[in-house]
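Each reported figure results from applying straightforward, stated rules to the coordinates on display, with no laboratory input. This one's a predicted model, so the numbers in the text were calculated from it and none came from an experiment. For neighbour counting, all protein chains shown are included, and Cβ atoms are generated from backbone atoms with ideal geometry for every residue, glycine included.
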Amino acid sequence: MFKSNHILRNRLAIFSSVKTTFHRIWTITVIGSGLFCAASMHAQVPSVLWRTNVNATLFGVDSQTNVYANTNGTVITLNRLGIPFQTNSCCPVPSIAPSFALRDFAGNFYFAGNFDGTNDFGGEVIVGGWTNSTPTPGKWQPGYPTCYLAKYSPNGALLWATRINGLLAGSNVVSDLVLNPDDSVTMGIYAGLNFAQIVQFTSTGSSLWQSASMAPQFSCGPVKLSSLRGTNGGFLLYKNGQGLINTGHYTSSGTIAFNSSQSLYFTPSSSPSGKPVTTPAGEIYTVGLVSPPSGPAVLQKAVIGGGILWTQTLASVEQWILNGDHRGNLYPSGTDGSFSEYNSAGIQIWTNNYSSPAVFGLSDLTGNRLVQFADNTIALISADAGAQAPFVHLNRQAGDGAVSTGFQFSLSAESGSVYEIICTTNIISWQSMGYVTNNTADIQIVDPDATNCLQKFYRLAP
C-alpha cells in the first residue's frame, strides 16, 4: 500500500531484515543509478555545462552523471565534466547499419544491430543473414542481413547473444531499443518499406514475443519506442513511403494496436529521431507536421488506444520529441537547432537554439539534460533552477521501519512527480508495486510483503 505518493528514477533501496533471539533488526541502504529530471515553470534557459565530440552515440547516464556513448560495440565513458576516462570494448561484431546500446541498472550493456555471415560475439558464434530458396535451397545467401541482440557484463564479458529473424529477406535493421522497468528490452526492427515489427526479450535473453508486421508491405519503415509503463508502451511507425507517422501502443503480452488519433507527417528518413512519450495515466504524446513540407509542427496528446485530447502548435519548422521526464515535461527539438521544454499541458517553459538539431535525449538524477546533436556532439545542459535530487531514506520520526502492515520507508523529492516502484528479492526478477504521485516533499511507502523476505530491493522509475 502507498501511504502517500512519490518515487524517483532508478534508485535502489535495499531493505533487509535480520532475525535475532530477541527482535528483528531492520535496515535500509540506498544506491543511486539511472535517470531523473526536474523542471519548473517559467524557468530561465539552462546553461550548457559542456559540449564535446567523442565520435560516439550517447545512450546512458548514471547517478554520478557519468555519461555512456557507443561506437559500434565499444563504450566510451565520460565523467561529469565531459572528459572521457574509460573505453571498454564489449561487442566485437560491427553492425552494418547504425547500432543501438543500453545500460541496465546493474551496469550491464545491451547492443543491437544487424549482421551477415558467421560472427563471434565473444565466445558465442552465430550466423547472421538469410537462408532462402535461391540460388541454393537451404543455404546461407549473403547480402540479406538479419538483426542481433547481445548482452555484456560491466567489464565487457559476453553474457548471451541471439539472432532475430525478420519476416522477409532484405536488409533487416534495428530502429530502436528500450529498457523496461523489469530489465526486459523491447526492440523495433524493419526492412525498408517491406515490414516493421516489435520484439521483446527478457534480461536473460529469452524471446517473449515478436509481432507480425505492423503494416502492409510497401507501407512500413522505422519503429521508434517508449518503454513499458505498467503493461503499455508506445510506438511511432514512420512510413517512409507516405511520410506519415502512425501512433500506437504495444502491451507486455505482445498486443499491437494503433491509435485513432490524427496521423502526422515527417520528412522520410532511415533514422528518424522522434520518440513517443507515454504516461502512467494511459496517454501518449507525439510531435509531427500537420501538412508537409510547410508545417506547422504540432504537439499532440492522445489517449492510448483512443482519440486526441488536445493539439498544440509548436513551430513552423519540423520538430520531434526526444524524451520526457518524471514531472511530465517534454523535450522537443527541431530542424532549426531549437531545443525546448514543455509541460504536460503543452505550455512552453523555455526554448533555446544550439545550432544543430538534437537527435537523442536523457536526464540524470540531479535534473541535468544529456543531449546528442546531429553534428555528433554530446552536451550536458544544466538542470532548471530549484531542481533537487531525490533520495530514499528511513525517517524514524515518521515511523519508518517495521510497522504492523509491513516495512515502511520514506521518499523525498519535488512535489508533482510520478514514479513506479519496482521490487525484487534477488536482483533478477522484478515486480511492479504500482505508480504513485508525489503530492508533498516527503512521503512514506509501505510494502506489506517485506516481512516475508530476508532482504528486498526497490528500484524507482518514472
**Request:** List the residues whose amide H sits under 5 Å from the amide H of D384, counting only those 5 or more places along or on another chain, with H placed 1.01 Å from N in the peptide plane.
**Result:** A38
**Hull shadow area, averaged, region 245-368 [alpha-carbon convex hull, nm²]** = 8.0 nm²
**Message:** Counting other beta carbons within 10 Å of each residue's own, what order do S153, S95, S253, S263 fall into, fewest first?
**Reply:** S253, S153, S263, S95
**Item:** Estimated translational D of region 203-308 in µm²/s (Stokes, Kirkwood radius over Cα pairs; 4 °C; 1.567 mPa s)
**Value:** 91 µm²/s
**Request:** Between N66 and Q44, take the C-beta separation as r, use R0 = 35 Å, and let me know the FRET efficiency to the nearest 0.05.
**Result:** 0.85
**Request:** On each of the three principal axes of the Cα atoms of the chain, give max minus min coordinate, whole Å, ordered largest first.
**Result:** 77, 51, 44
**Asked** When the chain is fully extended, how far beyond the present Cα-Cα distance does S271 get from W310, taking 0.36 nm per residue of separation?
**Response** 11.3 nm
**Message:** Under 5 Å between amide hydrogens, which residues at least 5 positions from S184 or on another chain qualify, with H placed 1.01 Å from N in the peptide plane?
**Reply:** S203
**Prompt:** So how far, in whole Å, is the C-alpha centre of region 157-223 from the one of region 227-278?
**Reply:** 14 Å
**Complete:** Counting sequence-distant residues (5 or more places) and residues on other chains, those with an amide H built under 5 Å from that of Q455 are S17
